[in-house]
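The values are calculated or read from the model by the stated rules, or taken from the named source; none is laboratory data. It should be emphasised that the depicted structure is a prediction, and the values quoted were computed from it without experimental measurement. Note that each Cβ is placed from the backbone with ideal geometry, even for glycine, and that neighbours are counted across all protein chains shown.
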C-alpha cells in the first residue's frame, strides 16, 4: 500500500512539470505546424511564392502527391529545404522539435 501511495504522490507532484514540458515543446513547434498547414511560403530572396503542394520525390526515390511536409511512408523522413523556382535559392524549412 505504501508503494501505491508513493506512486500517486509522485504522479501528483510531477504532473505540472510534465505538462509544462509538453507546453514548451508545443510552443517551439509552432513554426513547423504553421508551415505544415500553409499551401505556399514566400522566398526570402525574391519574394516569389514557393508552392508546398505538388508532386514530390523523397531522397529514398519514393514519389508522392500532396504537401511537402508530409512524412515519407517508406523511410519516415521529412524534407529540410525547398528550392525557389523563380531565383533558384533554397529556403530552409522549419523542423519539428518534439518527436
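Observations on the structure shown:
- Among the criteria (1) without any contact (Cβ under 8 Å) to a residue 60 or more places away in the chain; (2) in a helix (DSSP H, G or I); (3) closer than 17 Å to residue 71 by Cα, the one residue 24 does not fulfil is (3).
- On the stretch given as region 54-90, residues that are outside any loop (DSSP other than H, G, I, E, B), surrounded by 14 or more Cβ atoms within 10 Å (Cβ to Cβ) and either at pLDDT below 85 or under 15 Å from the mean Cα position of the chain (by Cα) (or both) total 2.
- Looking across 63, 90, 35, one residue alone is in contact (Cβ under 8 Å) with a residue 24 or more places away in the chain, touching a strand residue (DSSP E or B) at 6+ places or on another chain (Cβ under 7 Å) and at negative phi. It is 35.
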